[in-house]
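Asker: Can you read through this structure? Questions will come right after.
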């Protein structure tokens, strides 16, 4: 997954892991950061591009339709559509193209659904006392989500998590991805330390590293 190196270096990953370990020395809670390449479905993009390219060509050639839509030129249209589809398959690999063809509302819904899925897939909901916190970032959509389990969410209002999310988002917007994760981890750690201090003899329930997923 070489794509992650564009946003986080090996030193950054080690720094994030160290920040989790340091924070969890003072609390019985668990913090899990997750970053995924994208959350939105993009399978429709090649077909949409093909239709748009075909429509554009039909509009452009309209003044010449008297002779382009007769034999033998009319038989070129299936070939052109196939060529457009092949070109669209290549263009659809672009992150920028993918983002253009996914509406903002769909992006937001997809990112929140993926965040909730990762919350359960990574067993954050299984922590003792319901003290797990997910810090989730989806790269293509440039969106983040912070989810707290039942135990900690009862102690703090939604507005508090929005503040942490805003801080994370500010760092991501500035291109300081590692700083954003570390700041969010430390902020969550202060909350957990206050409400769920470390318990002697309690082991680490979840791994202390950034989880990176290609899809």
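The values are calculated or read from the model by the stated rules, or taken from the named source; none is laboratory data. If you're wondering where the values come from, they're calculated on a predicted model, not measured in any experiment. Here Cβ is always computed from backbone atoms with ideal geometry, including for glycine, and neighbour counts include all displayed protein chains.
Asker: Would you check if residue 98 is closer than 18 Å to residue 46 by Cβ, touching a residue at least 60 places away in the same chain (Cβ under 8 Å) and out of contact with any strand residue (DSSP E or B) (no Cβ under 9 Å at 6 or more places or on another chain)?
Answerer: Details: closer than 18 Å to residue 46 by Cβ: yes; touching a residue at least 60 places away in the same chain (Cβ under 8 Å): yes; out of contact with any strand residue (DSSP E or B) (no Cβ under 9 Å at 6 or more places or on another chain): yes.
Yes, satisfied.
Asker: Taking interchain pairs and intrachain pairs at least six residues apart, which have beta carbon atoms under 8 angstrom, with the first residue in region 196-215 and closer than 13 Å to residue 23 by Cβ and the second at pLDDT below 80?
Answerer: Filtered contacts from region 196-215: 196/129.
Asker: Go through (1) at pLDDT 85 or above; (2) farther than 18 Å from residue 139 by Cβ; (3) outside the structural domain of residue 24 (by TED's automatic domain parsing) one by one and return the number of the condition residue 125 breaks.
Answerer: (3)
Asker: Please specify each residue of region 161-176 satisfying the condition of being surrounded by 16 or more Cβ atoms within 10 Å (Cβ to Cβ) and out of contact with any helix residue (DSSP H, G or I) (no Cβ under 7 Å at 6 or more places or on another chain).
Answerer: Answer for region 161-176, where residues must be surrounded by 16 or more Cβ atoms within 10 Å (Cβ to Cβ) and out of contact with any helix residue (DSSP H, G or I) (no Cβ under 7 Å at 6 or more places or on another chain): 161, 165, 169.
Asker: Considering only region 87-125, how many residues are part of a helix (DSSP H, G or I) and exposed (fewer than 11 other Cβ atoms within 10 Å of the Cβ)?
Answerer: First, pick out the residues of region 87-125 that are part of a helix (DSSP H, G or I): 87-91, 95-100, 104-121, 124-125.
Next, from what is left, pick out any that are exposed (fewer than 11 other Cβ atoms within 10 Å of the Cβ): 96, 104-105.
Going through region 87-125 one residue at a time, the tally reaches 3.
Asker: Separate question: Please work out if residue 32 is in contact (Cβ under 8 Å) with a residue 24 or more places away in the chain, assigned to a strand (DSSP E or B) and closer than 30 Å to residue 102 by Cα. Don't jump to the end; show me each part of the working.
Answerer: On the way: in contact (Cβ under 8 Å) with a residue 24 or more places away in the chain: yes; assigned to a strand (DSSP E or B): yes; closer than 30 Å to residue 102 by Cα: yes.
Yes; evaluated as a whole, the condition is true for this residue.
Asker: Output the residues belonging to region 1-22 that are at pLDDT 90 or above and in contact with a strand residue (DSSP E or B) (Cβ under 7 Å, 6 or more places away or on another chain).
Answerer: 4, 16, 20
Asker: For residue 74, are the conditions met, namely being more than 17 Å from the chain's Cα centre (by Cα), outside the structural domain of residue 161 (by TED's automatic domain parsing), exposed (fewer than 12 other Cβ atoms within 10 Å of the Cβ) and not in a helix (DSSP H, G or I)?
Answerer: Working: more than 17 Å from the chain's Cα centre (by Cα): yes; outside the structural domain of residue 161 (by TED's automatic domain parsing): yes; exposed (fewer than 12 other Cβ atoms within 10 Å of the Cβ): yes; not in a helix (DSSP H, G or I): no.
Judged against the criteria, residue 74 is not a match.
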